[in-house]
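Here is the structure we will look at, set down as structure tokens.
The values are calculated or read from the model by the stated rules, or taken from the named source; none is laboratory data. Since this is a predicted model, take the numbers as computed values, not measurements. Here the Cβ is made from the backbone with ideal geometry for all residues, glycine too, and neighbour counts use every protein chain on show. Note: accessible area is taken over every heavy atom of the protein model, side chains too, but ligands, DNA and RNA are not part of it. Shrake-Rupley method; radii C 1.70, N 1.55, O 1.52, S 1.80 Å.
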Amino acid sequence: MRRSAPPSLLIPYVAVICVVGLAFLVFVVLRAEWSALTATATLPIAFLAVAAVVGEARPLPISRGEVTVETISTSAPFILALLAVGGVGVAAVVQAAASIADDVLNRRPAHKSAFNTAQYSISVVVGAWVFTTLAGVPFFHPHVVVTMGEVGHLLVAGGAMIVTNRLLVAIVVALAARQRIIAILREDGAFVLATHIVLLCIGGVAAVVSEFGVPLLVLLGPPVVAVYLTAAASVRNAFQATHDSLTSLGNRDRLLSRLGHALDATADDRGTGPGLVLLDLDHFKDINDTLGHPVGDRLLRQVADRLRTALDDDRDASRLGGDEFAVVVDGDLEETLAVAQALLDSLEQPMRIGELELLVRASAGVAVAPAHGTDAETLMKNADIALYHAKLERDRISAFSPEFDVNTVDRLQLLADLRTALDTDQLAVAYQPQVDLTTRRTVGVEALVRWNHPTRGFVPPDDFIPLAENSGLIGELTTYVLDGALSSLAEWRTRGHDVLLAVNLSARHLSDLALPRSVREALARHDVPASALILEVTETGILSDPARVDAVIAALRETGVAIAVDDYGTGHASLNYLKRLEIDELKIDRSFVSDMGNDHHDFVIVRSTIALARDLGLRVVAEGIEDEGTAQTLHGMGCHVGQGYHLGRPTTPEAILERLDAEDTVASVPTARSARD
Ligand code: C2E
Ligand code: MG
Ligand code: MG
């Protein structure tokens, strides 16, 4: 029994066991000498039969290592006693009745019930054969008075019965789970063995004392109950040690143990997995921070429920801590990816927590043995790297790839450096002029963060903003830029320059209900009117969590700041939001503007965007103007404000002040409001 048999053997195996077992049952029932049962044995037999049925329905819970909770039927001792007291016919009939009653109670499907009944019948017949052979009595004996000598034979027979039963069941589990039989039997462990021995001893005693009538048999009740309670307590302890108390999902230990078992089970055949899915909620920290931990906890419980229902019976999710979950999949890459997709799909519908309706999204990283690691630790590490990649690339699901590794380590380093950069003076804010295309005066500036890395030199924002967004650093970064920019603006204003200031917001700020207040406080700190500030948001940000985004944007506008849609035309958004949200400005993305002189499509897109903005009463700013021709064409199309290298590169606050001063010496200052018209 080396390796998993193909699943196609499962059905023939079950069929053979069913036929053989049911044939055994019919045979022993027909051949049993029912009439020879003595009247004195009837009461003990009836008692043992009832005890067997009850025992089958109240199996002992047994924890197998850290992985699964199994059960051991407590009918075994009574069936064993019945073998001696009533003969094989009685034992087989009672065992079959107990098994069927339990299957009906638990609504098990007919084929499972048939298999259970059949394998029990085979086990009872094997036990009976061993006992009658050792005791030297006919196989179909009706009643044996069990003396001290017979107890030994009976215990050996009980052992044979249980071994047969475990073996028949282990084969079916191995075939279904494509695992090795030996791996399944090994999981039984010392506790299971000890429990079987205790139960068999009780069976032996029951067989002896049944000669003295029912009252003595009743005395065996407490030991059985004691075994039951001990087993239940041990399972409870094992459960607590291996499960997360908030969600009742398995914990990290359990996951590692499960992964280890799955790897062992496929140790000889490295083509099929197992796979590991790591799943992490997007922006859970924001929910926790803004709505409080009780809401966060309730949300995690709901997520756990969703994941649980999304998984088949033979798979379970674990919570690794925080908002990270994991599932081991006994399958290949394709199957693992399908499980990851099913888990993410289960979170699609909003979660309801009291009055709140929250949309929770998640990302998943996948690693599969042997390609992505042959031990639990490597698989975990690589699934984590894949998860990280999924978050950075906004892919939702990523399977590990060796290239991620170098790339990811590099980015992790950059992220660590960014933390330091925020605390030291490596970051700065540059300002790019926004120019009135008629008067060519500077009417506003866009604040752009700059990072001068001690060893890498200039790091473009596109390289580190996504890192900051996915690590929670973006809040600090935005505060840094907003504070720096407002302080520059306050300085320019005291020098008499009433320009507008545009600051970029990252997508995730738009679901931060605390944002409007922090913007208000920042404005107050620098004594700058809200009407001088424009917050730039992207279409992706607007689409991320519509219910919250609407509320945040409305609250921001209420403070008096203006909202611009940045990189307009690149976000694949339907234009619906233009109707829904109160937006003040569209910034046509530079990818359309830079080349509009040569590319007719770009030209048409820019022209229609300007017309659309005009009809909707929005201010329009063209980004990426790199030559005079483009500036003039835009002006001709009715675009009033432009931004681009041709009109001014991002520069220091001092250079902006000089520029504003210089412009002032040439003409009088336009007001911010007139610039917006
Ligand atoms: P954005 O908001 O669209 O900013 C305009 C980008 O276009 C800037 O790149 C600017 O330097 C560049 N640019 C301006 N004129 C021209 C031009 O004529 N030709 C070309 N080819 N490019 C031009 P930068 O500074 O590299 O910023 C890139 C993006 O990073 C920004 O795009 C913005 O999305 C993001 N970003 C920059 N600073 C911040 C910040 O403080 N917070 C957030 N959340 N995002 C920021
Ligand atoms: Mg921008
Ligand atoms: Mg832009």
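General remarks:
- Residue match in region 439-451 (condition: modelled with pLDDT under 90 and over 30 Å from Val327 (Cβ atoms)): no
- Flag if Leu154 is surrounded by 20 or more Cβ atoms within 10 Å (Cβ to Cβ), touching a residue at least 60 places away in the same chain (Cβ under 8 Å) and touching a strand residue (DSSP E or B) at 6+ places or on another chain (Cβ under 8 Å): no
- Counted residues, region 345-362 - those being touching an Asp or Glu at 6+ places or on another chain (Cβ under 9 Å) and either loosely packed, with under 13 Cβ neighbours inside 10 Å or of a type in the set (A, V, I, L, M, F, W, C) (or both): 5
- Yes/no for Val503 being under 30 Å from Glu348 (Cα atoms), within 36 Å of the chain's Cα centre (by Cα), outside any helix (DSSP H, G or I) and within 16 Å of ligand 3 (Cβ to nearest atom): no
- The criterion of at least 1 residues that are over 22 Å from Arg508 (Cα atoms) is met, among helices (runs of 4 or more DSSP H) falling completely within region 260-357, by 293-310, 333-345.
- Subset of region 58-79 [at pLDDT 85 or above, open to solvent by 10 Å² or more (accessible area, probe 1.4 Å) and of a type in the set (Gly, Ala, Ser)]: Ala76
- Residues within region 389-411 that are touching a Phe, Trp or Tyr at 6+ places or on another chain (Cβ under 9 Å), without any contact (Cβ under 8 Å) to a residue 24 or more places away in the chain and open to solvent by 20 Å² or more (accessible area, probe 1.4 Å), tallied: 1
- Considering each residue of region 619-631 in turn, none proves to be touching a helix residue (DSSP H, G or I) at 6+ places or on another chain (Cβ under 6 Å) and over 25 Å from Arg659 (Cα atoms).
- Of all residues in region 431-457, those that are in contact (Cβ under 8 Å) with a residue 60 or more places away in the chain and crowded, with 23+ Cβ neighbours inside 10 Å have Cβ atoms under 9 Å from Cβ atoms of residues that are part of a strand (DSSP E or B) and of a type in the set (Ser, Thr, Tyr), 6 or more apart or on another chain, in Tyr431/Thr651; Pro433/Thr442; Pro433/Thr651; Gln434/Thr442; Val435/Thr442; Val445/Tyr431; Glu446/Tyr431.
- From the list Leu291, Leu263, Leu216, Leu276, the one residue that fits, being within 18 Å of the chain's Cα centre (by Cα) and over 20 Å from Leu60 (Cβ atoms), is Leu276.
- Out of Gly496, Gly560, Gly541, Gly569, one residue alone is surrounded by fewer than 21 Cβ atoms within 10 Å (Cβ to Cβ) and within 16 Å of ligand 2 (Cβ to nearest atom). It is Gly569.
- Within region 469-498, considering residues that are near ligand 1 (Cβ under 8 Å from one of its atoms) and among the aliphatic types (A, V, I, L, M), the one modelled with the lowest pLDDT: Ile474
- Residue within region 625-644 that is in contact with a Gly (Cβ under 6 Å, 6 or more places away or on another chain), among the acidic types (Asp, Glu) and at pLDDT 95 or above present: yes
- Residue count for region 459-491, restricted to those that are assigned to a helix (DSSP H, G or I) and farther than 21 Å from Arg520 by Cβ: 11
- Close Cβ contacts (under 9 Å, 6 or more residues apart or on different chains) running from residues in region 501-514 that are of a type in the set (Asp, Glu) to residues that are away from ligand 2 (no atom under 14 Å from the Cβ) and open to solvent by 10 Å² or more (accessible area, probe 1.4 Å) comprise Asp512/His283; Asp512/Asp286; Asp512/Asp289; Asp512/Thr290; Asp512/Gly475; Asp512/Ser518; Asp512/Arg548.
- Restricting region 634-650 to residues that are surrounded by fewer than 16 Cβ atoms within 10 Å (Cβ to Cβ) and within 14 Å of ligand 1 (Cβ to nearest atom), the residue that is nearest to Val499 (Cα to Cα): Arg649
- Conditions (1) open to solvent by less than 20 Å² (accessible area, probe 1.4 Å); (2) at pLDDT 85 or above: number failed by Leu246: (1)
- Index of the failed condition, Pro370 passing every other in (1) of a type outside the set (Val, Ile, Thr); (2) under 16 Å from the mean Cα position of the chain (by Cα); (3) on the phi < 0 side of the Ramachandran plot: (2)
- Helices (runs of 4 or more DSSP H) contained in region 132-212 and holding at least 1 residues over 25 Å from Val225 (Cα atoms): 148-177, 181-186
- Any hit, region 503-517, residues being more than 14 Å from ligand 1 (Cβ to nearest atom) and at pLDDT 95 or above: no
- Those residues of region 521-546 which are hydroxyl-bearing (Ser, Thr, Tyr), more than 15 Å from Arg493 (Cβ to Cβ) and either out of contact with any Gly (no Cβ under 8 Å at 6 or more places or on another chain) or modelled with pLDDT of 95 or more (or both), in sequence order: Ser544
- Selected residue (only one of Ala421, Ala485, Ala468 is touching a strand residue (DSSP E or B) at 6+ places or on another chain (Cβ under 8 Å), within 16 Å of ligand 2 (Cβ to nearest atom) and open to solvent by less than 10 Å² (accessible area, probe 1.4 Å)): Ala485
- All positions within region 574-633 that are under 21 Å from Gly444 (Cβ atoms), among the β-branched types (Val, Ile, Thr) and either surrounded by fewer than 15 Cβ atoms within 10 Å (Cβ to Cβ) or within 11 Å of ligand 1 (Cβ to nearest atom) (or both): Ile588, Val593, Val621, Ile625, Thr630
- Hey, Val445 touching a strand residue (DSSP E or B) at 6+ places or on another chain (Cβ under 7 Å), within 17 Å of Leu523 (Cα to Cα) and more than 10 Å from ligand 1 (Cβ to nearest atom) or not: yes
Each row is one residue, and each column tells you yes or no for (1) at pLDDT 90 or above; (2) touching a helix residue (DSSP H, G or I) at 6+ places or on another chain (Cβ under 9 Å); (3) buried (at least 21 other Cβ atoms within 10 Å of the Cβ); (4) among the aliphatic types (A, V, I, L, M).
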site: Leu279; (1), (2), (3), (4): yes, yes, yes, yes
site: Val295; (1), (2), (3), (4): no, yes, no, yes
site: Gln302; (1), (2), (3), (4): yes, no, no, no
site: Thr309; (1), (2), (3), (4): yes, no, no, no
site: Phe325; (1), (2), (3), (4): yes, yes, yes, no
site: Leu333; (1), (2), (3), (4): yes, no, no, yes
site: Leu343; (1), (2), (3), (4): yes, yes, yes, yes
